[in-house]
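Step one of this worksheet: look at the structure below.
The values are calculated or read from the model by the stated rules, or taken from the named source; none is laboratory data. For clarity, every value in this text was computed on a predicted model and none was experimentally measured. In this analysis, Cβ positions are derived from the backbone assuming ideal geometry, glycine residues included, and neighbour counts consider all displayed protein chains.
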Amino acid sequence: MTKLRISFIYLTTFTVIHFTAYSSGPSQSELTPKTHAHKFIDADGNPTPAFTTLLGKLNVKHQGTLPSINEVLQKKETGWLRPAGVEREECDEVFPQMRQELMPIYRQLGVIDEVAPTQKEYDYAVVFSNMVRPVRQRLNYTHTVSEQGITFKEIHLLGGRELPLKPKFESEQVLLDQNNPDLPFRNDWKFDGKLPKDETEKMDFLYNQGRFTAQFRAIPKNTLDVTVEDAQNSGHEVHYQKKADGSITRVNTGTQVLAWLNKYGLKGGKALWISNQPYVDYQGVVVESYAPSSFHVETVGPQADLDKPNLNLDILDTSVRLVYQEKARREKVSQEKK
């Protein structure tokens, strides 16, 4: 029997369990050859040509392996990862003079353009939470693919009970903006005087504003309250995103995925996870890390906002998290094969 040593490696705002074995296991090429990280890391755990080019352009020194890349990208001096407890919207741009030069590489890595569904039928459409604008984009995209003939039996909105909104980015003005470019309001929507107080209420609030067809609204909808208790009952070590003072800001992707699987007791099926760029593949890797193999995992979403002032920061920060999560996922799969 192979002995295991379990340790916890912390990366700013999230935690992943690492499993280290004392005996040799299967080679990386024996793992699933194509995951949501395949444009960054190949089947053998090496950086792809596009990712190697990006690392070289930004003078990231590494040994050509997933662990070495993960280690250097976590360092503050590399300049890719935002500070703990700070939202992307609060960060300045990085490498601003290189945006146009990096854009072709970003496209090769699949973090700019729309990622569309590959199937026609799904059991679930699962919408990740985020700030108001990304959530509106995700809801609108869910409606758009439905109108294009993609079907799902249920729509699940992932929220978080008692996780306060962020006034700087989710003010009353933003929440009630009928001229926003991301989600048209339905003609008969009227504000009842009650603003959402947390992530869960926000998801429902924005959904109710949307100008959706009657056919779309007829699809059963569930809004998931992700709580600390849900995370604890999941059987995995997961964390909320926290500020430096320890206060909770919002749930991370892993917590939402685990709480969703746990609450509904889901063992398999086809789930279409709705995100938006540049987060599609990162969130896909998180889902792959936790969902049973009996699930068809597919994460999709609309193209990135090319006018975003700190687009480089957004992409590079998300890339760090993708690399970290993919390393943990491969270690977990390797142990399961022993």
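Computed values, structure above
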| quantity | calculated |
| --- | --- |
| Condition met for Lys194 (in the same structural domain as Leu139 (by TED's automatic domain parsing), more than 22 Å from the chain's Cα centre (by Cα) and in a loop (DSSP other than H, G, I, E, B)) | yes |
| Enumeration of residues in the range 308-334 that are over 12 Å from Glu93 (Cβ atoms) and among the charged types (D, E, K, R) | Arg321, Glu326, Lys327, Arg329, Arg330, Glu331, Lys332 |
| Pairs where the first residue, in the range 206-225, is under 19 Å from Phe191 (Cα atoms) and the second is of a type in the set (Val, Ile, Thr) and crowded, with 16+ Cβ neighbours inside 10 Å, C-beta under 7 Å, 6+ apart | Leu206/Val132; Leu206/Val135 |
| Among residues of the range 32-55, those that are over 14 Å from Val333 (Cβ atoms) and loosely packed, with under 13 Cβ neighbours inside 10 Å, counted | 1 |
| Selection from the range 10-57 of residues that are touching a helix residue (DSSP H, G or I) at 6+ places or on another chain (Cβ under 8 Å), part of a loop (DSSP other than H, G, I, E, B) and modelled with pLDDT of 50 or more | Thr35, His36, Ala37, Lys39, Phe40, Ala43, Asp44, Gly45, Asn46 |
